[in-house]
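The values are calculated or read from the model by the stated rules, or taken from the named source; none is laboratory data. Not measured: the values here are computed from a predicted model. Glycine gets a Cβ as well: all are built from the backbone with ideal geometry, and neighbour counts include every protein chain shown. Each accessible area value is taken on the protein alone, full model and side chains, heavy atoms only, with ligands, DNA and RNA left out. Shrake-Rupley method; radii C 1.70, N 1.55, O 1.52, S 1.80 Å.
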Amino acid sequence: MNILLVEDEQSVSNFILKGFESEGYQIDVAFDGTTGKSLFAKKNYDLAILDVNLPGINGFQLCTDFKSERPNLPIIFLTALDGLDDKITGFESGADDYLVKPFEFQELLMRTKALLRRSGSKFITEKKIVVADLEMETSGKIVTRAGKRIDLTAREFSLLEYLMINKGRVVSRVDIAERVWDLNFDTSTNVIDVYINYLRKKIDKGYEPKLLHTIVGMGYTLRED
């Protein structure tokens, strides 16, 4: 995970830097908005943490600029500004979360992990995930089975990626709704079942062994029996 932190208080930035590095994250730090924007232009970050009162370009404007270029980039405001108007401005500029100083690092870490899960970013060190003869190249968004290319929609790819990352484990419809669809699960909807069927036809039909299994009353799993 690559995180961009734009924070002009060095003691705060050092505290955050050490915390995230101890958790295995890569983090770049800028002490003003102009430098932050320059770093953003050079690297594909997974998440940004912004103060509001910054030299050069303030955090609200940075957030607007970042979101205009990468609408799906998760952004957290970390600021002493705790007024309702400030929070409204922050969310209207595109922020996904707003944490007021002083703060506990564990809360910032939990919010970061939650946003990364919802954005589809994951700790994947390998560029290829393999289950039997089903292969996924995550960087190139390429899926093959027995060497044959399988064309998937963006949602089908995200669903298959989640199942492959969790290969051998049963994942519930609630898990899929929250991690792939970013939804509070509605028991009346069958959208997940529909997409599971789409996926099954593409990755299992005409192939042996079958890999995508329904575990009645529990969920779904991708595995080679």
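Calculated mean residue ellipticity, 222 nm, the chain: -12000 deg cm²/dmol, from DSSP H runs (n ≥ 4) at -39500 (n - 2.57) each, averaged per residue and rounded to 500. Taking the DSSP beta bridges with both ends in the chain, the antiparallel portion is around 50 percent.
Considering only protein heavy atoms and a 1.4 Å probe, what is the carbon-and-sulfur percentage of the accessible area of the chain?
Ligands and nucleic acids excluded, carbon and sulfur reach 48 percent.
Expressed per residue, the C-alpha convex hull volume of the chain stands at 139 Å³.
What accessible area per residue, rounded to a whole number of Å², is obtained for the chain using a probe radius of 1.4 Å?
Numbers: 11740 Å² over 225 residues.
Each residue of the chain exposes 52 Å² on average to a 1.4 Å probe.
In a DSSP loop and with at most 13 other Cβ atoms within 10 Å, the GluC sites (Glu not before Pro) in segment 41-126 are Glu104, Glu126.
How fast does segment 87-169 diffuse by Stokes-Einstein, in µm²/s, taking the Kirkwood radius from C-alpha pairs at 20 °C and 1.002 mPa s?
On the way: Rh = 15.3 Å.
It comes out at roughly 140 µm²/s.
Determine the relative contact order of segment 6-49: mean sequence separation of Cα pairs under 8 Å and six or more apart, normalised by residue count, in whole percent.
Details: 27 pairs, mean separation 19.7, N = 44.
That works out to 45 percent.
Taking a point 7 angstrom from the Cα of Thr64 along the C-beta vector, which residues in segment 7-51 have backbone N less than 20 Å away? The answer is 7, 32-41, 48-51, whose backbone nitrogens lie closer than 20 Å to the label point.
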